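A.B. asks: Encoded as structure tokens, here's the structure I'll be asking about.
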Amino acid sequence: MDFGLQNRVAFVSGSSKGMGKAAATIMAEEGAKVVITGRGHESVFSTVEEIINSTNNSNVIGIPGDLTTKEGVQSAVHQTIDRWGTIDIAVSNVYGPPSQGKAFQSVIEEDWFQSYQQQVMHVVYLTSEVIPYMKMNRWGRLINIGSSTSKEPPRGVPTVTGNTVRPAVVGLQKSLSYELAEYGITVNNVLPGATETDRFRNERVKLKESGQKIVNDRGGTSTTVITAPWEEIPMGRFADPKEIGAVIAFLASQQASYVTGVTIQVDGGRMRSLF
């Protein structure tokens, strides 16, 4: 399928690895001009080189920086505009809240503010910077990569700050979908379930080494903090980042022009709710 992304400018935050990288790679394959961002200078530019080589698309650039800050977002967006003049697609994707693994009474005030800054204000900053260009073009795609915990916080999993602040982004995106529809701008959320990213694997290893209780899965390494056991996922496995990236790329496509204000869970069928 031709996604109609040829020469569209796609800005993907947190795209040097994981789901962001997967989405950026697919959009590059579709002919988009892609901006790779992340905190690590080396990982950003190695990802740029990798995507250029694998897609034969030379219109891929890297902009390292901390996109959880207003200044970081403004700098990255302005560099993109200087290079390509506009931004058509903006994918919000930042690392998880700082209190992963803490019970409520162990979460300090700083954790709450940092969680809100990372998960909510990053989306606010990025949206504020890019919508003037999308309005001008009367075409745009705003996509947030969240978590299935936004819709169904898992029992027995101490991710209280994420469970609290992530739903705020869903509310924000729904509100924006009303406001921006007349400009041809769609606004959607993608909620991945357990996905085999580097961070996911590292957290599982850290928990195992800490001696905390581990829930057995088919591979014997799943943790109560990071994911539910295998048997709760009907597909019987964790997601490949490419499977999340494909959904994001579709929402960015011309074919998804009538899809807005929705929250799509990509969790292998784990969530039990009808909607």
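The values are calculated or read from the model by the stated rules, or taken from the named source; none is laboratory data. On a predicted model such as this, the values are computed, not experimentally measured, just so you know. FYI the Cβ positions are ideal-geometry reconstructions off the backbone, even for glycines, and counts take in every protein chain you see. Calculation scope for accessible area: heavy atoms of the full protein, side chains included, ligands and nucleic acids excluded. Shrake-Rupley method; radii C 1.70, N 1.55, O 1.52, S 1.80 Å.
A.B. asks: Relative to the present Cα-Cα distance, how much length would full extension add between N7 and I52 at 0.36 nm per residue of separation?
C.D. replies: Gain on extension, N7 to I52, equals 14.7 nm.
A.B. asks: Applying a 10 Å radius around every beta-carbon, put 123-132, 143-152 in order of their mean neighbour count, most first.
C.D. replies: Highest mean packing first, the order is 143-152, 123-132.
A.B. asks: Residue by residue through segment 74-87, which ³J(HN,Hα) values in whole Hz follow from phi under the Karplus form 6.51 cos²θ - 1.76 cosθ + 1.60 (θ = phi - 60°), with glycine and proline marked x?
C.D. replies: The phi angles translate into 4, 4, 5, 5, 5, 5, 5, 5, 4, 7, 10, x, 6, 9 Hz.
A.B. asks: Moving to a separate point now. Leaving out ligands and nucleic acids, and using a 1.4 Å probe, what accessible area per residue does segment 39-148 come to in Å²?
C.D. replies: 47
A.B. asks: Residue by residue, what Karplus-based ³J(HN,Hα) values in Hz, rounded to whole numbers, does segment 262-273 have, using 6.51, -1.76 and 1.60 with θ = phi - 60° and x for Gly and Pro?
C.D. replies: So the J values, rounded to whole Hz, are 10, 10, 9, 8, 10, 9, x, x, 5, 5, 8, 6.
A.B. asks: Quick one: which residues, 5 or more positions from V34 or on another chain, have an amide H under 5 Å from its amide H? H modelled 1.01 Å from N in the peptide plane, none for Pro or chain starts.
C.D. replies: A10, V60, I61
A.B. asks: Order 69-77, 108-116, 247-255 from most to least packed using the mean count of other Cβ atoms within 10 Å.
C.D. replies: Listed from highest to lowest mean packing, they are 247-255, 69-77, 108-116.
A.B. asks: For I81 and A181, calculate 0.36 nm times their separation in residues minus their Cα-Cα distance, and state this gained length in nm to one decimal. Each step should come with its number before you reach the end.
C.D. replies: Numbers: separation 100, 0.36 × 100 = 36.00 nm, distance 2.30 nm.
Gain in length upon complete extension: 33.7 nm.
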